[in-house]
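What follows is a single structure, written as structure tokens, with notes after it.
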Amino acid sequence: MKSGEIIADNLKKRGWSLGWVSAIDSDGRTIWIADAHRGDGKRFVVRADEKVTAFVELERAVCIHLLTERANDLDCINPIC
């Protein structure tokens, strides 16, 4: 299993729905757009030059959100507690 597939699988196991597409930008380069969303309205969209980079960035965005959400639930000042 490739690393992008592992990331996608892990996000799906945590309740996120995923989508991704490749497109050609105005300079003729291939770009990848990936998104993760869930039923509570949270959504993250990232763009990258490579598919695996898009998934890494998507995972990063979701993790930062979850850490911040957890910190808010714990009512701490430092988001990484």
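Bear in mind these aren't lab numbers, they're just calculated from the coordinates by the rules spelled out. Because the structure is predicted, anything quoted here is derived from the model rather than measured. With ideal geometry, Cβ positions are generated from the backbone for all residues, glycine too; neighbour counts draw on all protein chains shown.
Treat the count of other C-beta atoms within 10 Å as a stand-in for reagent exposure and order ASP35, ASP49 from fewest to most. Spell out each step's value before the answer.
Details: ASP35 17, ASP49 11.
Exposure proxy ranking, most exposed first: ASP49, ASP35.
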With angles folded into 0 to 90 degrees, how steeply does helix 51-74 sit against the dominant principal axis of the chain? Use alpha carbons for both and round to 10. 10
Quick check: the distance between the Cα centres of the stretch 47-64 and the stretch 1-35, to the nearest angstrom? 7
Sum of -39500 (n - 2.57) over DSSP H runs of 4+, divided by residues of the chain (222 nm, nearest 500): -14500 deg cm²/dmol
So if we plug the beta-carbon distance of LEU66 and ILE24 into 1/(1 + (r/R0)^6) with R0 = 35 Å, what FRET efficiency do we get, rounded to 0.05? 0.60
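Compute the relative contact order of the chain as a whole-number percentage, counting only Cα pairs closer than 8 Å that sit 6 or more residues apart in sequence.
21
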Among (i) 47, 26, 22; (ii) 38, 24, 20; (iii) 29, 23, 20, the value of Cα extents along the principal axes in Å computed for this structure carries the label (i)
If you place +1 on the Cβ of every Lys and Arg and -1 on the Cβ of every Asp and Glu, how big does the dipole about the Cα centre of the stretch 3-74 come out, in debye to the nearest 20? 240
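Given a Förster distance of 25 angstrom, what is the FRET efficiency for ARG47 paired with ARG14, based on the Cβ-Cβ distance and rounded to 0.05? Could the numbers behind the result be given before it?
Working: r = 22 Å, r/R0 = 0.89.
It comes out at approximately 0.65.
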